[in-house]
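Working notes, structure below.
The values are calculated or read from the model by the stated rules, or taken from the named source; none is laboratory data. Just so it is clear, the model here is predicted, and its values are computed rather than measured. Here the Cβ positions follow ideal geometry from the backbone for every residue, glycine too, while neighbour counts run over all protein chains shown. The protein model used for the area step is the full one, side chains on, heavy atoms only, and it has no ligands, DNA or RNA in it. Shrake-Rupley method; radii C 1.70, N 1.55, O 1.52, S 1.80 Å.
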Amino acid sequence: MVKILVTRQVPNRFIEQLEQLGDVKMWEEAFEPMPRAQFLKEIEDVDACFITLSETIDATCLEHAKNVKIIANMAVGFDNIDVELANHKGIVVTNTPQVLTETTAELGFTLMLAVARRIVEAEHYVQNGEWKSWGPYLLSGKDVHGSTVGIYGMGDIGKSFARRLQGFNANILYHNRSRHEDAETQLNATYVPFDTLLAESDFVICTAPLTPETENKFNKDAFSKMKNDAIFINIGRGAIVDEEALIDALNNQDIGGCGLDVLREEPIQLDHPLLKMPNAIILPHIGSASVATRDHMIQLCVDNIAAILKGEAPLTPVTNK
């Protein structure tokens, strides 16, 4: 009997689809990951594994995964998986691109506006009973319209973010490992060197994936080149940012604020300095968290598993190339 492991609680309608393929075991916790030791034990005799970013598929895990034919990752990013080793062992790795593009860009745009207009600060100001009167610059923020917005990573999400800027009369800059002519002709985006993007942007938006090239890309040197009132938004991956350098930049007023949906360590510890900063908004990695998008992501994982177990080609394979 084919065995399928699902590492998070998902709606029954998806489990019913998987049960047409084999015996399904699902971790019953919606918000708590399966303990690592149990995960290593469970994966030993399964043919397919549906995971989230919380599970690390490394050499140790792949040694236990003796029968696994597919690892379906419910995310676009796959830095939690040793794809090269998995491919070497004949295991197909899949992800969920495109279906979450618009929702993630929308969250990034929301985060940018919230930091720019100091929404969380203002809400706390009211809730704490501090709103006693009015002043000309009370909780004054920063305009997005007419500003210069720099996008680091002009993939699908970066382009979707740029489309949302079209009604804001913004000057759009971007930096990517390669140029995208469609972004330049259709979105009026201008390709610039990374240092130029940092120096000229009022808002810097990171949508890039985590790679050896992008890890710690936003470090002390990068923040020092930004405007002292610039706002930094990260919806890419947490490890792209040197968090100590970011904290120093905020404390020293080298930049004006930040909004992060991704962090180096998730979930964030309650004593993390970023949580004490009024000009920082920290979200719990909810970029793709609309009901419709999460449904689409889960369905894509199910469809990839079904394809492999039926001897067909996966819909969205990831390779180590």
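Overview of values
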{"read-out": "Pair list, Cβ under 6 Å, 6 or more apart: the range 115-144 residue among the aromatic types (Phe, Trp, Tyr), other residue in a helix (DSSP H, G or I)", "value": "Trp131/Tyr125"}
{"read-out": "Top-ranked residue of the range 41-75 - restricted to ones that are within 23 Å of Asn12 (Cα to Cα) and among the hydroxyl-bearing types (Ser, Thr, Tyr), ranked as surrounded by the fewest Cβ atoms within 10 Å (Cβ to Cβ)", "value": "Thr52"}
{"read-out": "Among residues of the range 268-321, those that are part of a loop (DSSP other than H, G, I, E, B), among the β-branched types (Val, Ile, Thr) and in contact with a Leu (Cβ under 8 Å, 6 or more places away or on another chain), counted", "value": "3"}
{"read-out": "Those residues of the range 218-253 which are touching a residue at least 40 places away in the same chain (Cβ under 8 Å) and part of a helix (DSSP H, G or I), in sequence order", "value": "Ala239"}
{"read-out": "Condition met for Gly256 (open to solvent by less than 10 Å² (accessible area, probe 1.4 Å) and either on the phi < 0 side of the Ramachandran plot or hydroxyl-bearing (Ser, Thr, Tyr) (or both))", "value": "no"}
{"read-out": "Residue in the range 96-105 that is in contact with a strand residue (DSSP E or B) (Cβ under 7 Å, 6 or more places away or on another chain), of a type outside the set (S, T, N, Q), surrounded by 20 or more Cβ atoms within 10 Å (Cβ to Cβ) and in a helix (DSSP H, G or I) present", "value": "no"}
{"read-out": "Conditions (1) under 27 Å from Tyr125 (Cβ atoms); (2) at pLDDT below 95: number failed by Ile282", "value": "(2)"}
{"read-out": "Matching residues in the range 1-35 - criterion: being over 24 Å from the mean Cα position of the chain (by Cα), of a type in the set (A, V, I, L, M), open to solvent by less than 20 Å² (accessible area, probe 1.4 Å) and farther than 16 Å from Lys66 by Cβ", "value": "Ile15, Leu18"}
{"read-out": "Yes/no for Gln38 being modelled with pLDDT of 95 or more, over 28 Å from the mean Cα position of the chain (by Cα), open to solvent by 40 Å² or more (accessible area, probe 1.4 Å) and not charged (D, E, K, R)", "value": "no"}
{"read-out": "Matching residues, the range 285-315, being more than 18 Å from Ile4 (Cβ to Cβ) and open to solvent by less than 70 Å² (accessible area, probe 1.4 Å)", "value": "His285, Ile286, Gly287, Ser288, Ala289, Ser290, Ala292, Thr293, Asp295"}
{"read-out": "Selection count where residues are open to solvent by 40 Å² or more (accessible area, probe 1.4 Å) and either assigned to a helix (DSSP H, G or I) or without any contact (Cβ under 8 Å) to a residue 60 or more places away in the chain (or both), scope the range 76-95", "value": "7"}
{"read-out": "Single match in Ile282, Ile233 (criterion: open to solvent by 10 Å² or more (accessible area, probe 1.4 Å) and among the β-branched types (Val, Ile, Thr))", "value": "Ile282"}
